[in-house]
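Undergrad: Structure incoming, see below.
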């Protein structure tokens, strides 16, 4: 009798039984709403609505997407949009590199050296409360409207998120890690290089990701306010001649490039912090 019940239980727990269709649909729906596919579906739906409305009701201020795509291709073929994009990316890259070097170095030292923190903390906290728009007239007065101004504005805006995250990462070093460094008789420099910086790296990468988007935005804005090149200047020129299709072409270009830069940075983040994933798997 006991053998009979055991055999029946094995039959109920058999892994060979295929899930029913409703369960498959439910699992697919659950995976769908938890993935990026849901967000891209919303974007696609919005674009479809845009195209339908702009086609049914002709509005100069809202051209259909196919007309914007034609204008985008024309601007790429004649080189205007591509040259503007390259100029904006150049300012973005220069400002981002400088902001990363300054923010990581100063933020990490503030977190690890008490004297540096005591000296720099009041200046940093006062400076980051000042909106860059308030400094812009002075910067134009001192630097003119050339590349120096645009790079300086980008550096000012991008440095603070990197600095604050580097500071938080440097302060996150646990007492256990410090005692481990003492056990192995590591010097101060060895401790920072072999333990401190790796521990702070996830924080630093978060700040760099935040700053990357901000540098691109500010490179566009400074091109509008004080420049004669770049995507910001391209959009401003399109607005002044009432070329709404070119204006949207510039806006969409910045959105796509910004998304691509963020995706590339996330790949770099995963590669540099792969040890966290491996550690979690081992746990």
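Undergrad: Filter the range 132-148 for residues that are farther than 15 Å from residue 215 by Cβ and either within 23 Å of the chain's Cα centre (by Cα) or part of a helix (DSSP H, G or I) (or both) and give the result. Break it down into steps so the answer makes sense when it comes.
TA: Kept after step one, since they are farther than 15 Å from residue 215 by Cβ, are these residues of the range 132-148: 133-146, 148.
Correct list: 133, 134, 135, 136, 137, 138, 139, 140, 141, 142, 143, 148.
Undergrad: Within the range 84-99, restricting attention to residues that are surrounded by fewer than 22 Cβ atoms within 10 Å (Cβ to Cβ) and touching a helix residue (DSSP H, G or I) at 6+ places or on another chain (Cβ under 9 Å), which residue is farthest from residue 258 (Cα to Cα)? Even if it seems obvious, please write down each step before you answer.
TA: Start the filter on the range 84-99 by keeping residues that are surrounded by fewer than 22 Cβ atoms within 10 Å (Cβ to Cβ), which leaves 85-86, 89-90, 93-94, 97-98.
Right, trim to touching a helix residue (DSSP H, G or I) at 6+ places or on another chain (Cβ under 9 Å) and you get 85, 89-90, 93-94, 98.
Details: 85: 11, 89: 10, 90: 14, 93: 13, 94: 16, 98: 19 Å.
Among them, the one singled out is 98.
Undergrad: Would you point out which residue out of 230, 169 is closer than 20 Å to residue 255 by Cα and in contact with a helix residue (DSSP H, G or I) (Cβ under 9 Å, 6 or more places away or on another chain)?
TA: Values: 169 fails: closer than 20 Å to residue 255 by Cα.
Among 230, 169, only 230 is closer than 20 Å to residue 255 by Cα and in contact with a helix residue (DSSP H, G or I) (Cβ under 9 Å, 6 or more places away or on another chain).
Undergrad: Let me ask something else about it. Kindly provide the set of residues from the range 27-73 that are in contact (Cβ under 8 Å) with a residue 12 or more places away in the chain and assigned to a loop (DSSP other than H, G, I, E, B), ordered by number.
TA: 60, 61, 62, 63, 64
Undergrad: Can you confirm whether the range 78-95 contains a residue that is over 23 Å from the mean Cα position of the chain (by Cα) and at positive phi?
TA: yes
Rundown of residues vs (1) outside any loop (DSSP other than H, G, I, E, B); (2) in contact (Cβ under 8 Å) with a residue 12 or more places away in the chain; (3) exposed (fewer than 14 other Cβ atoms within 10 Å of the Cβ), yes/no style:
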{"residue": "110", "(1), (2), (3)": "yes, yes, no"}
{"residue": "116", "(1), (2), (3)": "yes, no, no"}
{"residue": "126", "(1), (2), (3)": "yes, no, yes"}
{"residue": "150", "(1), (2), (3)": "yes, yes, no"}
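Undergrad: Residues being in a helix (DSSP H, G or I), surrounded by 10 or more Cβ atoms within 10 Å (Cβ to Cβ) and modelled with pLDDT of 75 or more: count how many of those fall in the range 268-280.
TA: Result for the range 268-280: 5.
Undergrad: Consider residue 162 carefully, then state whether it is within 26 Å of the chain's Cα centre (by Cα) and not in a helix (DSSP H, G or I). Spell out the reasoning first.
TA: On the way: within 26 Å of the chain's Cα centre (by Cα): yes; not in a helix (DSSP H, G or I): no.
In short, no.
Undergrad: Next question. Identify, from the list 140, 145, 130, 162, the residue that is surrounded by fewer than 13 Cβ atoms within 10 Å (Cβ to Cβ) and either assigned by TED's automatic domain parsing to the domain that holds residue 189 or without any contact (Cβ under 8 Å) to a residue 12 or more places away in the chain (or both).
TA: On the way: 140 fails: surrounded by fewer than 13 Cβ atoms within 10 Å (Cβ to Cβ); 145 fails: surrounded by fewer than 13 Cβ atoms within 10 Å (Cβ to Cβ); 162 fails: surrounded by fewer than 13 Cβ atoms within 10 Å (Cβ to Cβ).
So the residue among 140, 145, 130, 162 that is surrounded by fewer than 13 Cβ atoms within 10 Å (Cβ to Cβ) and either assigned by TED's automatic domain parsing to the domain that holds residue 189 or without any contact (Cβ under 8 Å) to a residue 12 or more places away in the chain (or both) is 130.
The values are calculated or read from the model by the stated rules, or taken from the named source; none is laboratory data. Please read all numbers here as calculations on a predicted model, not as lab measurements. Note that we place each Cβ from the backbone using ideal geometry, even for glycine, and neighbour counts take in every protein chain shown.
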